[in-house]
Every structure is written in C-alpha cells, then in structure tokens.
Amino acid sequence: MPSKLEQLREITDVVADTGDIEAIRRHRPQDATTNPALVLKAVQQTSYETALRALVQQHSKEAPEQLQDRTAVSLGTEILSIVPGYVSTEVDARLSYDAPAMVARAEQLIGLYEAAGADSKRVLIKLAATWEGIRAAEILEKRGIKCNLTLLFSFSQARACADAGVFLVSPFVGRILDWHQAKEGRSLSVSEDPGVKSVQTIYHYYKTRGYQTIVMGASFRNQAEIEALAGCDKLTISPDLLAALDADTGTLERSLSTSNIEPISKEPALSEAAYRWGHNEDPMAVEKLAEGIRKFAIDQESLAKRLEAFRD
C-alpha cells in the first residue's frame, strides 16, 4: 500500500511549507512556500552562514530591506532548482497597507530572481490579504506576476481575492482552529474544525462560480486536517506532517472534488466597504490578520539584525 503522502499526491498538489532545503529534497513537493518566519528559521542554520556573509558583504552598501529581499530570493532560487513548480516569496509585511509600495517591492523581488537567472514565471509573490494587498495583487496579475494571497481568514477576503483575479489564496486552517479552541476552551474534532470548514466553503464557492483562483490550504496543526481536505487544489504542509503522512500506509479518502459541482452565476464584485464590513464581522479574522502581519514584521526585523551582523 502506498503511503498517504503518495496517495495525496495523486489528487492534490503537495507543497512544502518550509525553507529547509534538505526537507524539500527529502519530500519532493510540487511547490514550496516561504514566509518571513520560515526564511529566518532557514538562515539561522549554520549551513547558511558562509553564503549569508558573502551575500551581505557583496552588497554591503544596500539598505536592510534590500538585503532581506536578496536573502529571500537567494533561498527561493535554490528551492526552484529542486521543485518542478512554484516557490512563494513574501513582500515585507510592514507594507501590508500600502498598495503602491507592495507593487514596487514585488517587482523588485521579481527583478532579483531574473538577475539570478531564475525563471520568474515560477515565482509567486505573497501578499497579506488586506484590501490594499488584494489591490496590489490585482495590479501585479495584470502585469503577468502571479500572486499568493496569504493570512487569509475571512470569507470576505476570499471573495475579494477571486474578484481581483488572484492566482492563489492560502486560507490558514490551523490559526483559525487555534482561535476558536482558545475562545471555547476545548479541543475541536476535525468534523468541527472551523479552519477545515473555511477551506471547504472557499473551495465550493470558487468551483461553483467558475473562479480560476487556486485554493491552497495552509497552516495545519495535525494530519486529520490535511486528510479532511484531500483533493483541494494544493495543500502546503510542514516537514513534520509530510513525514507523518509518508509513514502512514492507511487508505486516504478524497474529501474535496469538482465531480458533482453545479455551476452558479457569480455575484457582483465586493466593494471596499462591503469587504471591510464583512471582514469586520468576523472577530477571529480581524484578530488573526493583524496578529499575522505583526508577527511577520517582527521576523523581518530579526532577519535584518542577523544580516547587519555580517556587514564589514
């Protein structure tokens, strides 16, 4: 019997949620996603120190933000040499409410990938799914730059991303579960899991209405959540959970499918006011989006300090 990981590969694109090069080599994902926390974790490994020092010293006159982008692109370029699909690279979270700045930074990242000889068509630019982030993605998509809208917690975010023609969205399953379990003071089973239900709702909404936006469940807390979403377009999974799936030889049932989809007409696009009100009506989404941006910003600052230590 093939492992559940191999069974999952047959119905879903498996994506590695890590910047750990050896883990990516070991698990052979289709794509890989990174974020400021994962980049920081990766560069803290001693194996990166020599390369980091050389990179910083080569570009020692550049601003901290430019060095951070170079570091993320250096890691992403190495990942692209391993995976056959996409790598996601995140725009600085501190720009999450400034659409023009996000567009400029995204184009800078793509320029760095191209200068490194990488195939920029296989790069997904990650942006927080704020209203401004969605508007930035809409501009970038029209310029041929594919985007991954992250820190997605509310249905309003998902609707607005589809309206904008975003290439891919990443609903954060585990962080949604964390919030609800903390509020209810109890553990929730996978059948009750609001993070799983969120992805199921988004998937059904997109497929019934003919949106081309890819749904990629992210931020998993356990294997059961992954299995409950088997058949989703993509799932980005940590190395620990990839290993658990690889060691499990049980039968994996498909949970999501387009086989019985009945087409429905699309609703009018959400206005900014409707987006903001709908998002505001979900206290979990409001808290987790703000918290996610703050935490990614802290990771960016930590990365900057580590790189500064390598300047001449």
To the nearest Å², the heavy-atom accessible area per residue of region 187-312 with 1.4 Å probe amounts to 49 Å²
Across region 1-147, qualifying lysine pairs (alpha carbons under 23 Å, at least 8 places apart or different chains) come out at 5
Ordering Lys207, Lys288 by the accessible surface of their heavy atoms, 1.4 Å probe, largest first, yields Lys207, Lys288
With the 8 Å Cα cutoff and a minimum separation of six or more residues, the chain has a relative contact order in percent of 25 percent
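Which shape class applies to region 51-164: rounded if a/c is under 1.5, otherwise prolate when a/b exceeds b/c and oblate if not, where a ≥ b ≥ c are the square roots of the Cα gyration tensor eigenvalues?
Prolate is the answer for region 51-164, as a/c is 1.5 or above and a/b outweighs b/c.
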Of the convex hull enclosing the alpha-carbon atoms of region 125-185, the direction-averaged projected area in nm² is 3.9 nm²
In Å², rounded to a whole number, the accessible area per residue of region 77-134 with probe 1.4 Å is 34 Å²
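Quick one: with all protein chains in place, what share of the accessible area of the chain is carbon or sulfur, to the nearest percent (1.4 Å probe)? All intermediate terms of the calculation are to be shown ahead of the outcome.
Working: 6560 of 13330 Å².
Carbon and sulfur together cover 49 percent of it.
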quick shape note, the chain: Cα extents on principal axes in Å, largest first -> 59, 51, 40
Ranking Arg26, Arg276 from most to least accessible area with a 1.4 Å probe gives Arg26, Arg276
Using a 1.4 Å probe on heavy atoms of the protein chains only, the accessible area for Met1 in Å², nearest 10, reads 150 Å²
Simple spin-label estimate for Tyr97/His180, 7 Å along Cα→Cβ, in nm, reads 2.9 nm
Projected convex hull area of region 172-222, Cα atoms, direction-averaged, in nm², equals 3.6 nm²
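Counting only complete DSSP H runs, which helices of the chain cover 18 Å or more along their long axis at the Cα atoms and score a mean Kyte-Doolittle of -0.5 or above?
Values: long enough: 64-80 (24 Å, -0.25); 99-115 (24 Å, 0.52); 194-209 (22 Å, -0.89); 283-308 (38 Å, -0.31).
The answer, listed by residue number, is 64-80, 99-115, 283-308.
The values are calculated or read from the model by the stated rules, or taken from the named source; none is laboratory data. Everything numeric in this text was worked out from a predicted model, so none of it was measured. Here the Cβ is made from the backbone with ideal geometry for all residues, glycine too, and neighbour counts use every protein chain on show. Heavy atoms of the whole protein, side chains included, go into the accessibility calculation; ligands, DNA and RNA do not. Shrake-Rupley method; radii C 1.70, N 1.55, O 1.52, S 1.80 Å.
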